[in-house]
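The values are calculated or read from the model by the stated rules, or taken from the named source; none is laboratory data. In this text the structure is predicted, and so the values were computed from the model without any measurement. Neighbour counts run over all protein chains shown; Cβ positions are idealised from the backbone, glycine included. Keep in mind that these areas ignore ligands, DNA and RNA; they rest on the heavy atoms of the full protein, side chains included. Shrake-Rupley method; radii C 1.70, N 1.55, O 1.52, S 1.80 Å.
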Amino acid sequence: MTRQPHDQFAKEYLQELLTSLGNVETSKDVKSEVREIDVWFVPNNSNPSDELELGLLAKMAVTSCLFEPFRNAPSEIEIRSCLLKLYTVHSDLLRQAKREKRSIAEGQLPYLWILTPSCSVRMLNGFSAQLQQSLNWCEGVYFLPEFLKTAIVAINQLPISQDTLWLRVLGKGKTQKQAVEELVKLSEDTEKWDHLLEILASWRKNIEVKDNVNDEERELIMNLSPAYLKQREEWRQEGRQEGSLDGQRLIVVGLLTGRFGALDEELSTIVTPIMELSLTERTDLLLNLSNVSREELLARFGS
């Protein structure tokens with residue numbers, strides 16, 4: 001999967017979370033031949049309760065910073081490209097300060113957070129990235145040497161807690177699946193996170209309608225299914241998506257396709273029996289499709 005679909009989702013997702021803490025710009029252009037910055041953040045006097053809710057993400061956003069999220073672990077070249085963006089921004093800020101005849105302190109220069117689903121020991125060693133647990137930074141957050149003003153966040157190594165939830169949603173595989181399920185449960189008690197669910201659901205919907213969905217994208221469809229199913233119910237109640245049996249049938253077909261690829265004749269025959277389940281039974285089955293084999297489904301629902 002290319003970075004582009006994930007980039008758009010990650011930008012919208014981080015913008016939604018960080019807006020309560022400060023000013024957020026996405027796809028910000030920088031001078032020279034460096035490509036655009038994914039997310040540029042400048043803090044304001046935020047509400048302490050917002051900082052508490054966002055946990056590790058809020059701790060990262062106490063200073064001006066750049067967020068560069070990756071769907072797949074970045075290469076050495078991609079990390080160096082991120083560093084180049086950071087130092088181009090530093091140069092621009094210093095030139096602007098000089099023109100305005102004011103000084104800019106080292107602490108005012110933005111930090112770079114590289115968000116990656118995983119990171120190898122070789123890569124961490126190559127960039128001399130180290131944990132800083134003595135400064136109360138958790139496992140999975142690796143800092144490059146101090147003056148480089150950069151850290152690599154290996155999302156799959158973050159401890160499982162609400163403090164890290166918002167970053168784990170940007171992970172892959174089981175890490176992302178569990179985080180999405182946690183977010184759905186959290187949203188059941190408050191409407192505050194409904195827009196986040198809508199962003200997740202829309203991302204899944206955009207992937208599902210693509211031609212030639214690959215294995216990684218099918219896994220992503222399954223990971224995002226809990227958010228999609230909950231958000232679909234919101235859409236139905238708001239009249240934004242049909243709640244008819246035909247619409248529900250399309251959901252079942254879409255989830256089976258996401259799990260097994262294009263449906264053959266055998267799998268197509270089980271759609272109607274699944275539709276005959278109660279809403280609770282059907283939802284439970286669809287949320288756990290990743291744990292059910294083709295053979296098990298055919299044995300249960302096939303003729």
With a 1.4 Å probe and every protein chain kept in, tell me what percent of the accessible surface of segment 151-231 is carbon plus sulfur.
44 percent
What FRET efficiency would be calculated for the residue pair Glu188, Gln15, taking the C-beta separation as r and a Förster radius of 35 Å, to the nearest 0.05?
0.90
Please report the equivalent ellipsoid semi-axes of segment 34-166, computed as sqrt(5 x eigenvalue) of the Cα gyration tensor, largest first, in whole Å.
24, 20, 13
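How would Phe147, Phe41, Phe301 rank on accessible area, largest to smallest, probe 1.4 Å? Before the final figure, lay out the partial values.
Numbers: Phe147 165, Phe41 0, Phe301 25 Å².
Per-residue accessible area, sorted high to low, gives Phe147, Phe301, Phe41.
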Step through the table entries Lys11/Lys205; Lys174/Lys205; Lys59/Lys98; Lys101/Lys149; Lys149/Lys172; Lys98/Lys149, compare each Cα-Cα distance with 23 Å, and write down the pairs that go over it.
Lys59/Lys98; Lys101/Lys149; Lys149/Lys172
Run the 1.4 Å probe and let me know the accessible area of Glu53, rounded to the nearest 10 Å².
60 Å²
Just to verify a number: what accessible area does Tyr87 come out at with the full protein assembly present, 1.4 Å probe, Å² rounded to tens?
70 Å²
Sequence of Leu229, Leu17 when ordered by accessible area, the most exposed leading, probe 1.4 angstrom
Leu229, Leu17
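Compare the peptides 76-82, 171-177 by average per-residue count of other Cβ atoms within 10 angstrom and give them in order, highest first. Mind dumping the intermediate values first?
Values: 76-82: 15.0, 171-177: 19.4.
My ranking of the peptides, most packed first, is 171-177, 76-82.
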Extending each Cα 7 Å along its Cβ direction at Ser81 and Ser120, get the distance between those two points in nm, one decimal.
1.8 nm
How much solvent-accessible surface does Lys149 expose, in Å² to the nearest 10, with a 1.4 Å probe and all protein chains in place?
20 Å²
Label-point gap, in nm, between Arg95 and Asn212 - each point 7 angstrom along Cα→Cβ:
4.2 nm
Tell me, what is the FRET efficiency for Asn136 and Glu295 to the nearest 0.05, using R0 = 51 angstrom and their Cβ-Cβ distance as r?
0.55
Per-residue accessible area, 1.4 Å probe, largest first, puts Phe260, Phe70 in the order Phe260, Phe70
